[in-house]
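Report on one structure; see the data block that follows.
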Amino acid sequence: MLDDINFINQRDSAGALSVVANFSEQALFEPHLDGQLNLNPVTNVVISGVGGAVLAGDITKVLLKDRLSVPLEVIRGYDLPRYINRSTLIIVIGHSGNTDEALTCLDQTTGIGAPMVVVSTGGELVNRARRERIPVLTIPAKTQARFSTIYYLKGLLKIFEQHGLSDSQLRDEISSSADWLESKIAEWMGDVPTEHNYAKQLAWMTVGKTAVFYGGQITGPLAYKWKTSWNETAKNIAFAGQYPEASHNELTGWSSHPIEKQFAIFDIQSSFERPKIIERMELTKRMLSGMRPNAVTIICVGDGLVRQILWSIALADATSIYGAILNNVNPMTVDLSDRFKETLS
């Protein structure tokens, strides 16, 4: 089924795989801030947004964990924290620019005088930002938020650079990884047979099952990326957990479920993860043997953390597209989510 290119093209008529094939273009994206920056000294950073766009905030937090000297918090919701002040760098993200939560958070910044940037493809969020003279970083409106993570990652890193919170090294690493990323993604395209196609193999492992993705302190955001890609693209319920926390609750939760339960478990590992995290994952496998399906380990590929993150993002998207094809659904559309937003508004 997944080795029939005509079948793949029929199910993926909107070209989701082509979007993934062009991720190297995102790696080469050169973000630009339009507007006068407020360069107040920054004592903390808040990134506000929801959905696929704000995932880049979690990844940025991982990449800057040993470089950033001020607290960084990612907010998913309607309310900014009360502690924001003139020294808080506030970044409001909304892919379409019409997201209710992002617009509400932007309204809460009035009169604070804090450094601010809006990140979006357009819409009302950008219109309001320009009226209020808030700098805007425009993301190319080429695809949906869940397929735009690398755009947002480069944009956020640029904002941190502009405010003196980091240098350009990480962003340069992403750019220099474009050709490498393109070569890796080529291994997962539709014309590569399942025998040699890791994305297709992983999709087959999950078909008809509920996927659960586990990460560590480094790969936690990647596990969440896999989960949300499986939700939106494959149209499958999926869950994500993170070690070490999972050792303190979910470990016991699995103990009462028979191994026949229809779950597909994945541990996402990085060579940059703390060894204790890997030890916890492996010990969990051994202790839950016979109580849950055995976890499949996805080891992130690449020299350097940046490449490992890019690799996992792309693999998650490619795999979930094949999941959609196996589920007989369109990987590109999110009709239910769109209808929900329309009804809510």
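Here, each number is a calculation from the coordinates, and none is a lab measurement. It should be emphasised that the depicted structure is a prediction, and the values quoted were computed from it without experimental measurement. Quick reminder, even Gly has a Cβ in these numbers, built from the backbone with ideal geometry, and neighbours come from all protein chains shown.
For the range 1-78, the convex hull spanned by the alpha carbon atoms encloses 188 Å³ per residue.
For the chain, the Cβ-based charge dipole about the Cα centre amounts to some 740 debye (Lys, Arg positive; Asp, Glu negative; other atoms uncharged). Sparsely packed loop sites in the range 122-177 (the trypsin sites (Lys or Arg not before Pro) outside DSSP H, G, I, E and B with at most 11 other Cβ atoms within 10 Å) comprise Arg133. In terms of the mean number of neighbouring beta-carbon atoms within 10 Å, the peptides 94-107, 22-35 order highest first as 94-107, 22-35.
For the peptides 57-63, 108-114, residues were scored by their other Cβ atoms within 10 Å and the scores averaged per peptide; the highest-first order is 57-63, 108-114.
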